[in-house]
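*Asks:* Below is one structure. I have some questions about it.
Bear in mind these aren't lab numbers, they're just calculated from the coordinates by the rules spelled out. On a predicted model such as this, the values are computed, not experimentally measured, just so you know. FYI the Cβ positions are ideal-geometry reconstructions off the backbone, even for glycines, and counts take in every protein chain you see.
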Amino acid sequence: MPDFRAFCQPTTAEPAELTLSPEESHHLVVVNRARAGDTVVAFDGHGTEWICKLTSERKNAAVLQVRFKQKIKPLPYEITLGQALPKGQFMDAIVRKATEIGTAHIVPLESERTQVHLDGDRSDKKIEKWQTAALEAAKQCGNAFLPEIQPVQNATAFMESARGYDLKLIASLQPGAKSLKTVLAAFQAAQGRAPRKVLWLIGPEGDFTPAEMSSSKTCGFEPVTLGPLVLRCETAAAYALSVLSYELQNAG
């Protein structure tokens, strides 16, 4: 993979030249120290990449000459993460890891035990911050697809409105929660194929409340164990997405 990547959304389908935004120009030229003649992969976050040569090192308007365009094939499955908002900067880390793993959608949730509550402008600013974190992670790992980060939603309301998924999972500490392998095997046996659209909910510090877990069961969510140890929410998210992605990649 080439050393340099930059985000760009050109106004034409077949551009011969790309001018980067001031932010992307600064990151490419000042932070990454790209120089004229270097190869740069520009991507739009929706699976299109342009293999380019840097022709102008302007710090606020770097110019790329397009050599050729390529379409990146999306993953054969689509994972949505419903993440109850953690304290501090942990949501930034979760967004980064989710992007690296290839998560398609991220839904920030306010649950009964969530200690972070976002309204109005504060919510919009947080979403912009998470989008920036996703972009940085995508450039670092070579992901041509940026996850969609949805507005903050109430956890129970989101559970009740969740439609169109092959499989809905919720990480659970409760007795009787099944292993992911067991749940996927049951789906495969019933449907004759692996799930293609999967939703996984991860709780906050202290987990979802019993009432929320009851609501999730009513809404068709399968409680899944992440093992015998109690994981921090950011660890739980990365672990859950990783094992699910691995199983779906190898589902055949």
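*Asks:* Under the Karplus relation 6.51 cos²θ - 1.76 cosθ + 1.60, θ = phi - 60°, what is the ordered set of whole-Hz ³J(HN,Hα) values for segment 131-145, x standing for Gly and Pro?
*Replies:* Residue by residue, segment 131-145 yields 5, 5, 4, 5, 5, 4, 5, 5, 5, 5, 9, x, 6, 7, 10 Hz.
*Asks:* In straight Cα distance, which lysines are under 19 Å from Lys178, not counting same-chain residues fewer than 8 positions off?
*Replies:* Candidates past the 8-residue exclusion: Lys168, Lys217.
*Asks:* If packing is taken as the average count of other Cβ atoms within 10 Å, what order do 29-41, 147-159 fall into, highest mean first?
*Replies:* So the peptides 29-41, 147-159, ranked by packing, come out 147-159, 29-41.
*Asks:* Separate question: Please arrange Asp3, Asp124 by how many other C-beta atoms lie within 10 Å of their C-beta, fewest to most.
*Replies:* On the way: Asp3 10, Asp124 13.
By the 10 Å Cβ count, ascending: Asp3, Asp124.
*Asks:* While we're looking at this one, here's another question. Compute the distance from the alpha-carbon center of segment 208-222 to that of segment 70-107, in whole Å.
*Replies:* Value for the Cα centre distance between the two parts: 22 Å.
*Asks:* Amide H of Glu222 versus every other amide H placed in the peptide plane: which residues, excluding those fewer than 5 positions away on the same chain, fall under 5 Å?
*Replies:* Under 5 Å from the amide H of Glu222: Lys168, Leu169, Ile170.
*Asks:* From the P(r) of the chain, could you give the percentage of C-alpha pairs in the tail past 22 Å?
*Replies:* Working: 18274 of 31626 pairs.
Roughly 58 percent, once rounded to a whole number.
*Asks:* Would you grab the residues whose amide H sits under 5 Å from the one on Leu109? Only those 5+ places off in sequence or on another chain, please, with H modelled 1.01 Å from N.
*Replies:* Long-range HN contacts for Leu109: Gln83, Ala84, Leu85, Gln153.
*Asks:* Go through 60-66, 187-193 and give me the packing order, highest mean Cβ count within 10 Å leading.
*Replies:* The most tightly packed comes first, giving 60-66, 187-193.
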